[in-house]
Amino acid sequence: MSTDKQPTMIFAGQEIPIRSGQSVGAALVDAGIRSWRTTRKNDRPRGLFCGIGICFDCLLTVDGQPNQKACMIPAEDGMRLEPGGPAATGVALRADEQELH
């Protein structure tokens, strides 16, 4: 029987399991979290969009560094993440809690 602990990162106080090779954004989506910031103008939820670092929809704070692209940051055990980007509200929505537009 293995006693290996599943690697996790902490997002807004919640443990999120991660797998080898995952980006932060992929791990959040796997955990059912689809939005971690909102737009300035209409307060609309944002998370992964392009997934390749071109847009700025997936910005969050990683280990105290603001405005990091979740799709480009490799997920690592023990990372601390907070909702981020210029219009962060501190509210992360799970897929079942948000209206899709």
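The values are calculated or read from the model by the stated rules, or taken from the named source; none is laboratory data. The model shown is predicted, which means the values in this text are computed figures rather than measured ones. Positions of Cβ are generated from backbone atoms using ideal geometry, with glycine treated the same way; all protein chains shown enter the neighbour counts.
Here is a yes/no grid of residues against (1) surrounded by 14 or more Cβ atoms within 10 Å (Cβ to Cβ); (2) modelled with pLDDT under 95:
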position: Ile16; (1), (2): yes, no
position: Gln22; (1), (2): yes, no
position: Val29; (1), (2): yes, no
position: Cys55; (1), (2): yes, yes
position: Val62; (1), (2): yes, no
position: Lys69; (1), (2): yes, no
position: Pro86; (1), (2): no, yes
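If I ask for residues that are in a loop (DSSP other than H, G, I, E, B), of a type outside the set (D, E, K, R) and on the phi < 0 side of the Ramachandran plot, which ones from segment 35-59 would you list? Matches in segment 35-59: Trp36, Thr39, Asn42, Gly47, Leu48, Phe49, Cys50, Ile52, Ile54, Cys55, Phe56, Cys58.
Scanning segment 55-63 for any residue that is more than 17 Å from Met9 (Cα to Cα) and touching a residue at least 40 places away in the same chain (Cβ under 8 Å) turns up nothing. Restricting to segment 1-43, name every residue that is of a type in the set (Asp, Glu) and closer than 17 Å to Pro74 by Cβ. Within segment 1-43, Asp30 is the sole residue that qualifies.
Report yes if Glu97 is at pLDDT below 95 and over 12 Å from the mean Cα position of the chain (by Cα), otherwise no. Yes, satisfied.
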